[in-house]
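Okay, structure first, notes after.
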Amino acid sequence: MTPKNDLLLRALQGEELQRPPVWMMRQAGRYLPEFIALRDKYDFFTRCQTPELAAEITVQPIRRFPLDAAILFSDILVIPQAMGMDFEMKHNVGPWLENPIRTPEQVRNIQVPDVDETLGYVFEAIKLTKNELHNEIPLFGFAGSPWTILCYAVEGKGSKAFDVAKSFCFQHPVAAHELLQKITDTTIAYLLKKVEQGCNVIQVFDSWGGMLSPKDYDEFSWPYIEQIVNAVAEKAPVIVFAKGCWFALEKMTQSKASALGVDWTVTPQTARALTQNKITLQGNFDPSRLLSPPETIQQMVKEMIDGFGPSKYIANLGHGILPNVPVENARAFIEAVVNYK
């Protein structure tokens, strides 16, 4: 059933619009006091794995702001967890895997799981969230790109360069591709189930794609993202957000993706030129700019929309909202889009 507010879906179809739809990556997050209250009571993966908590966190920003979409509260690491990798979220460290994947033998032992058995809590959270949303706005489901998941699985934690992950791929390319394919197969099953349960749109986050050279990106990241896009696009529109990968925009435009996310390091004009205005673009406000005064934010948002144009465009940040952004500044960003003329 089409949501009552279908602005996002129309933008993904390339319709002429008076204003773009707006949502923010990590909009259900640490800048909201009601989120912080739950964070202080429950650890990170408890929130992800408890459907009632995940649904509540998903709708928190929807209660506050006139957003055009909700994104299910979850994490990209639920996929490797389902595959038997015991990721935890360590205080002041972030993602942490005690025994990272460093050998081809470890890769061979990784299983492609039954997503119903291992990720059922996510699908239950979708059902609860859909009940809360009352079909008012679309719901996003998401997953990390296989390359981004491999980065965490091999590195074992976050990194500025992911050189351990990269060297594993370059020293053990056969094992690297085997791991990437297993992640891809799991991700496809997971996302198709998300759509079946009610997600209207899917986004693939390639957070660490920009760590690769264009040539290595073509080997270790894009082919696996494209497999996911090809499998899911038949059922729901897919947005690919590959941070730092402006060099791949032209190639991505030829895919079955409905939209491409861009970060703040590329101008709207360059992104339009690279994609030949053939595809909907999403982005690309610098999250740090939300620390500017609200009136500055509103002026910059208008300039951003003018740059992209109101059609074939989804207003968003160039990455996730930062935890120290004042709530009123987030509101200034959203309302500047909603009131765009």
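The values are calculated or read from the model by the stated rules, or taken from the named source; none is laboratory data. Here the structure is a predicted model, which means the values were calculated and not measured. Cβ placement follows ideal geometry from the backbone for every residue including glycine, while neighbour counts extend to all protein chains displayed.
Annotations
- Whichever residue in region 61-72 is in a helix (DSSP H, G or I) and touching a residue at least 12 places away in the same chain (Cβ under 8 Å) and, among such residues, is surrounded by the fewest Cβ atoms within 10 Å (Cβ to Cβ): ARG64
- Number of the exception - THR58 against (1) hydroxyl-bearing (Ser, Thr, Tyr); (2) within 30 Å of ILE314 (Cα to Cα); (3) part of a loop (DSSP other than H, G, I, E, B): (3)
- Flag for ALA11 being modelled with pLDDT of 95 or more and touching a Phe, Trp or Tyr at 6+ places or on another chain (Cβ under 7 Å): yes
- Summed over region 6-51, residues that are closer than 26 Å to ILE314 by Cα, surrounded by fewer than 18 Cβ atoms within 10 Å (Cβ to Cβ) and polar (S, T, N, Q) total 2.
So that you can scan it fast, the table gives a plain yes or no per residue for (1) out of contact with any Pro (no Cβ under 7 Å at 6 or more places or on another chain); (2) crowded, with 19+ Cβ neighbours inside 10 Å; (3) of a type in the set (S, T, N, Q):
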| position | (1), (2), (3) |
| --- | --- |
| MET89 | no, no, no |
| PRO100 | yes, no, no |
| PRO104 | yes, no, no |
| ASP116 | yes, no, no |
| LEU119 | yes, yes, no |
| PHE123 | yes, yes, no |
| GLU178 | yes, no, no |
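- Of all residues in region 43-55, exactly one satisfies the criterion of being out of contact with any strand residue (DSSP E or B) (no Cβ under 9 Å at 6 or more places or on another chain), farther than 30 Å from ALA332 by Cα and either of a type in the set (A, V, I, L, M, F, W, C) or not in a helix (DSSP H, G or I) (or both), namely THR50.
- Look at (1) more than 19 Å from the chain's Cα centre (by Cα); (2) buried (at least 22 other Cβ atoms within 10 Å of the Cβ) and you find that PRO80 fails only one, number (1).
- The residue that is farthest from LEU9 (Cα to Cα), counting only those in region 21-42 that are among the hydrophobic types (A, V, I, L, M, F, W, C) and part of a helix (DSSP H, G or I), is ALA37.
- Sub-8 Å Cβ pairs linking a first residue in region 240-256 that is under 15 Å from VAL204 (Cα atoms) to a second residue that is buried (at least 18 other Cβ atoms within 10 Å of the Cβ) and acidic (Asp, Glu), at least 6 apart or interchain, are VAL240/ASP206; PHE241/ASP206; ALA242/ASP206; LYS243/ASP206; LYS243/ASP263; GLY244/ASP263; CYS245/ASP206; SER255/GLU226, ordered by first then second residue.
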